[in-house]
1. Counting only heavy atoms of the protein chains, get the accessible area per residue of the chain (1.4 Å probe) and round it to a whole Å² value.
2. Obtain the radius of gyration and the Kirkwood radius of the chain from its C-alpha atoms and give Rg over Rh.
3. Using 0.36 nm per residue, how much length does the chain from Asp22 to Ala54 gain when fully extended, once their Cα-Cα distance is taken away?
4. Please report, in debye to the nearest 20, how large the charge dipole of the chain is about its Cα centre when each Lys and Arg carries +1 at its beta carbon and each Asp and Glu carries -1 there.
5. Tally up the carbon and sulfur contribution to the accessible surface of the chain as a whole percent, 1.4 Å probe, everything protein left in place.
Amino acid sequence: AADLPHVTDADPTAKALGYVEDASKTTNPKHKAGDDCANCQFYSGGPTGYGPCALFPGKAVNAKGWCVSHSPKAG
Ligand code: SF4
């Protein structure tokens with residue numbers, strides 16, 4: 001797959017969703033321990049590095065990132 005530009009914490013959508021590149025760094029009270037992009041149903045990348053998120057079209061999020069829209073993968 002082509003390399004998509006990475007979402008940064010400064011991205012307007014990222015700010016709106018409280019996205020952080022490192023889930024361990026968030027202070028958002030909605031974050032539950034262990035939740036990150038890699039185990040979110042909106043993420044379609046690999047377990048490490050960066051991959052697509054349905055909420056950030058055309059960009060890639062960090063597998064270890066997180067935002068308030070996190071929803072656990074089914075199964
Ligand atoms: Fe990460 Fe899921 Fe938020 Fe997308 S919706 S940024 S994959 S936690």
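The values are calculated or read from the model by the stated rules, or taken from the named source; none is laboratory data. This one's a predicted model, so the numbers in the text were calculated from it and none came from an experiment. Counting neighbours? That spans all protein chains shown, and the Cβs are built from the backbone with ideal geometry, glycine included. Surface areas here come from the heavy atoms of the whole protein model, side chains and all, with no ligands, DNA or RNA. Shrake-Rupley method; radii C 1.70, N 1.55, O 1.52, S 1.80 Å.
1. Values: 4450 Å² over 75 residues.
Result: 59 Å² of accessible area for each residue.
2. On the way: Rg = 11.0 Å, Rh = 12.0 Å.
Looking at the chain, the ratio lands at 0.92.
3. Working: separation 32, 0.36 × 32 = 11.52 nm, distance 1.85 nm.
Contour length minus Cα-Cα distance gives 9.7 nm.
4. On the way: 7 positive and 7 negative charges, 43 e Å.
It comes to approximately 200 debye.
5. 57
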